Amino acid sequence: MKTKTFFFLICLALNLFVSAQQKTTSPLDNYNVVWNYPSENASESMPLNGGDIGCNVWVENGDILLYMQRSGSLSENGEYLKLGRVRLTLTPNPFEKSTAFRQELKLRDGFIEIESEKKNIQAKLKLWIELDKPIIHIDVEANQNVSINAAYENWRTEEKELLPKNDGQRERFTCFSLEGYPGKVLRVKDEIEPTNNGILFFHRNPEEKLIPEILIKQQNLEEYADEIVDDIRNRTFGGFMYGKGLVADGTGKGKYQITPYKSWKLKSEKSQKSHQLLIATHIEQAKTIDDWQNNLFNTVNELTNSEDAFDSSVAWWNQFWERSYIFIQPGSPKLSNPVWQMSRNYQLFRYQLGGNVNGEYPTKFNGGNLIYDPVLVNKKDKYEPDWRQWGGAVHTAQNQRLLYWPMLKAGDFDAIIPQFELYRKGLPGATARVKKHFGHNGAVFPEYMSAPGIVFGAGWGWEGDGLRARGEEVPFGDERATGSYGYNEIAEAGVMANQSCAYHWESQVEHAYMMLEYHRFSGKDISTYMPFIKAALIFFDEHYQLRQKMRNGKTLDENGKLVIYPSTSCESYRGAKNPSDLLAGLKACLSSLIDLDENYVSAEEKKYFSEFLSRIPDYPFDEIDNLPVLKPAYEWLAEANQELPQFYPLFPFDQFKLGDDEIQTFKNTYKLAPDFRKGTVKSWHQDGIQFARMGMTKEAADYNVKKLMDSPRRYPTFWGPGHDWVPDHNWGGSGMIGLQEMLLQTIGDEIYVLPAWPKDWDVDFKLHAPKQTTVEVKVREGKIIEMKVLPASRKKDVIIMNGFNKTK
């Protein structure tokens, strides 16, 4: 027995040693972000993510600070508010004028470690977020006894009027829906109080509010009010800051950057080597504030062993990184090499996206949970830390999609759900809008999407706001609604007054296709989303048949095809007829629907969708200078913006693949496109994706290196503001897609490996493909030295591209 026990202990020790060795030699560890000196301000913060919480963490003037934000923290006006700011100070303080300092994001384990030393005082902080509960932890360890002071800081301590646009200031831009609203926009104050040896803080939306009530009235949808989702009513969000051995220590006030704040403080009762500070959070549409507080304190009182909770958090992040990876030029860090930066920043940005896996709402394209003081982005933007361009409760669909397409090949199928849920919630409102204004079946969703599913106020148009008139509306179908700029001065019934997006309805088709591809990749059930998918597509068939009948008494053109007009090709080609992006999306979705089994689509429905597919017009191929090209639409009335929607048949809609004759047509189309529409790297621009889809290896490599190289800020993936804000998440998302498409393309059942990959770039990658498939490849010196495809039955569908050979 003793021999067996001794042998077991030896084996256990060996296993632990091997596990430890494997953990210390992961390529992911080379991508940890390490800072060796404190930060100047919040613009030099480091992200801490977990569940649906995001924190900006930095050390400034001896204090450890963090902004806290959580998915669903929406005010009565649709602002996306932070939960507040925490300031932690140690006494004696090794962080003040320290002689040694280190702040590190431990990427693989998902937490931040901060170490500092001053003379003979050393301290180590571990900041992490529970995945099973929405609790932020700060663990303090010192080599001698220290005391701590923790302050909760809040700047929303008085009722505030959000002012209309004036002298270049756009305070209401942060609640975008109410920009231009002719009345007052007020935000109630937060409530903060010391209680139970902690600090309780929360924002509760008042009974009297503007959203969505004013929008329902604005759009004449009162009869459907009970069907439209109100995600703002009774919404209460906040938390409780506490810790063992901490007691109240009064209040204070100050100013950070340009924003005054008040603080509520805790201090440790005694000086000791270890301390813990916790911030438990809670969000709920609670009937009463007592209900909300009870549920918050249930979270606080459900004690979990801190070490077990930390181990659980680390295990989740370890599993997250095992799903997929891309390691370019694996080996020691090459910090100044842009190609290595591209690889590192792919992982860093995926960490930002993974931090909202439990989100009630999608990760916002314009900063996610990680924005900071606007004045540190642009000096002219003199607003509170909650402010961001393009609003909080509205989600610009063409931007949002770029955060979620890369999740399919990354295998992050759980993280994609918050984006789908936005459209599921919005379906009743989008259906009501069609019934009321157009009188047919289907649903139409605004480009600026929110949970109610109706048009955001600033897009619908307020009286006197400078947009097209909305008073005596031109009836639906009246051709006077179409003018020289795409639309004339009168907004058609049921259509936004905003000219950029009035007829921009492609995004609902794209999200329907994303859901269908999610099913194709993961095999997961999409029954919940089928009503949205079907309604989003049926709208176009019924709407444009009715539209054509109003013109000439016939529902289709002389070829038996729909006439999709008026429409728009993205925001760029307005007053468009049969836009290429929409044609591709409808073809892709209808083909996918027909291929689904009858649990999702009945035989009768398949017959209808097959007929619908036959009514989709052909693509608008043409010639320029005797070269075949694809036009953005059959014809259009006006141009704006910088998009290239004629490439949507390649991505995202998978209508053509490498080897098709049409690929040369796309190359011609890009070559002959106006210069101002191509080559831009910042923000949502997608040239790198399309280069990869056209097999243009050099161009794809050059563009995507620039796209994913370090930002000018201290944290490498805090890109922006670009067209949007900091950190610009659709910048990172489009870069991720571009890199993935260079390595793996999946059209139909075929899997194209290395379709646009430079031969002199060594790489290890694991990515996902349809039919619950993973592809793992190692490339060295232009040769594939390892390739594993699971399940093995999918090996027959793999096509190795670009002249790469597989070693024996």
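Please give the peptides 728-735, 133-140, 26-33 ranked by average Cβ packing (other Cβ atoms within 10 Å per residue), highest first, as a rough proxy for protection. Can you show the working numbers first?
Working: 728-735: 28.2, 133-140: 21.9, 26-33: 17.5.
The packing order, highest mean first, is 728-735, 133-140, 26-33.
May I ask for the Rg/Rh ratio of region 86-141, computed from Cα atoms with Rh as the Kirkwood radius, given to two decimals? Before the final figure, lay out each step's value.
Working: Rg = 12.5 Å, Rh = 12.2 Å.
Using only Cα positions, Rg/Rh for region 86-141 is 1.02.
When the helices in the chain are scored as -39500 (n - 2.57) per DSSP H run of 4 or longer and the sum is shared across all residues, what 222 nm value do you end up with, to the nearest 500 deg cm²/dmol? The partial results should precede the final answer.
Details: 17 runs with 228 residues, N = 808.
Calculated from helices alone, the mean residue ellipticity at 222 nm is -9000 deg cm²/dmol.
Report, in degrees rounded to the nearest 10, the 0 to 90 angle that the Cα long axis of helix 530-552 makes with the longest principal axis of the chain.
It is inclined by approximately 30 degrees.
Assign unit charges at the C-beta atoms only (+1 for Lys and Arg, -1 for Asp and Glu), then state the dipole size of the chain relative to its Cα centre in Debye, rounded to the nearest 20. Kindly include the intermediate steps, with their values, before the conclusion.
Values: 96 positive and 108 negative charges, 447 e Å.
Around 2140 debye, computed over the chain.
Taking the alpha-carbon centroid of each part, what is the distance from region 401-431 to region 303-343 in angstrom?
The two parts, judged by their Cα centres, are 24 Å apart.
Using a cut-off of 12 Å between beta-carbons, work out the net charge of the residues near Gly51 (Lys and Arg +1, Asp and Glu -1, Gly51 not included).
Working: positive: Arg70, Lys133; negative: Asp52, Glu130, Asp132, Glu360, Asp414.
Here the count lands on -3.
Can you check what the Kirkwood hydrodynamic radius comes to for region 683-727, Cα pairs only, in Å to one decimal?
In region 683-727 this quantity evaluates to 11.3 Å.
Taking all protein chains in place and a 1.4 Å probe, what share, in percent, of the accessible surface of the chain do carbon and sulfur account for?
Numbers: 14750 of 30180 Å².
Answer for the chain is 49 percent, counting heavy atoms of protein chains only.
In 10 Å bins starting at zero, report the fraction of Cα pairs in region 645-687 per bin as a rounded %.
In order of increasing distance, the bins hold 25, 54, 21, 0 percent.
Rounded to a whole number, what is D in µm²/s for the chain from Stokes-Einstein with the Kirkwood radius over alpha-carbon pairs (25 °C, 0.890 mPa s)? Please report the intermediate quantities before stating the final value.
Numbers: Rh = 28.0 Å.
Rounded to a whole number, D works out at 88 µm²/s.
May I have the count of lysine pairs in region 540-606 with C-alpha atoms under 19 Å apart, counting pairs 8 or more residues apart or located on different chains?
Details: Lys549/Lys561; Lys549/Lys577; Lys554/Lys577; Lys561/Lys577; Lys561/Lys587; Lys561/Lys606; Lys577/Lys587; Lys587/Lys606.
The result is 8.
Which net charge results when you count Lys and Arg as +1 and Asp and Glu as -1 among the other residues whose beta-carbon is under 9 Å from that of Arg323?
Working: positive: Lys766; negative: Glu322, Asp412.
Combined, the nearby Lys, Arg, Asp and Glu give -1.
Any idea what diffusion coefficient region 144-280 gets from Stokes-Einstein, in µm²/s, Kirkwood Rh on alpha carbon pairs, 37 °C, 0.692 mPa s?
Working: Rh = 18.0 Å.
The Stokes-Einstein estimate is 182 µm²/s.
Using Cα-Cα distances under 8 Å and only pairs 6 or more residues apart, what relative contact order does the chain have, in percent? Before the final figure, lay out each step's value.
On the way: 1793 pairs, mean separation 91.3, N = 808.
So the answer I get is 11 percent.
Highest first, please rank the peptides 373-379, 444-450 by the mean number of other Cβ atoms sitting within 10 Å of their residues.
Result, highest mean Cβ count within 10 Å first: 444-450, 373-379.
Using the alpha-carbon atoms, what tilt in degrees (0 to 90, nearest 10) does helix 338-354 show relative to the longest principal axis of the chain?
90
Just report the Cα centroid separation between region 646-695 and region 194-271, whole Å.
One Cα centre to the other: 45 Å.
Cα centroids of region 554-625 and region 744-800: how far apart, whole angstrom?
32
May I ask you to give the average projected area over all directions of the convex hull of the Cα atoms of region 629-766, in nm² rounded to one decimal? Mind dumping the intermediate values first?
Values: hull surface 38.1 nm².
Spelled out: convex hull of the Cα atoms, projected over all directions, averaged, 9.5 nm².
Can you pull the Kirkwood radius for region 265-418, inverse mean 1/r over Cα pairs, to one decimal in Å? Display every interim value, and only then the final one.
Details: mean 1/r = 0.0513 Å⁻¹.
Answer for region 265-418: a Kirkwood hydrodynamic radius of 19.5 Å.
Can you tell me how region 750-808 classifies by the Cα gyration tensor, rounded, prolate or oblate, using a/c under 1.5 as the rounded cut? The partial results should precede the final answer.
On the way: a/c = 1.84, a/b = 1.77, b/c = 1.04.
Judged from the Cα gyration tensor, region 750-808 comes out prolate (a/c at least 1.5, a/b above b/c).
Would you list which lysines come within 26 Å of Lys217, measuring only between C-alpha atoms, while excluding same-chain residues fewer than 8 positions from it?
Within the straight-line limit of under 26 Å, Lys217 reaches these lysines: Lys160, Lys165, Lys184, Lys209, Lys287, Lys425, Lys435, Lys436.
The values are calculated or read from the model by the stated rules, or taken from the named source; none is laboratory data. The structure presented is a predicted model; accordingly, all values stated were derived computationally and were not measured. Please note: Cβ atoms are built from the backbone with ideal geometry, for glycine as well, and neighbour counts cover all protein chains shown. Side chains included, ligands, DNA and RNA excluded: accessible areas come from the protein's heavy atoms. Shrake-Rupley method; radii C 1.70, N 1.55, O 1.52, S 1.80 Å.
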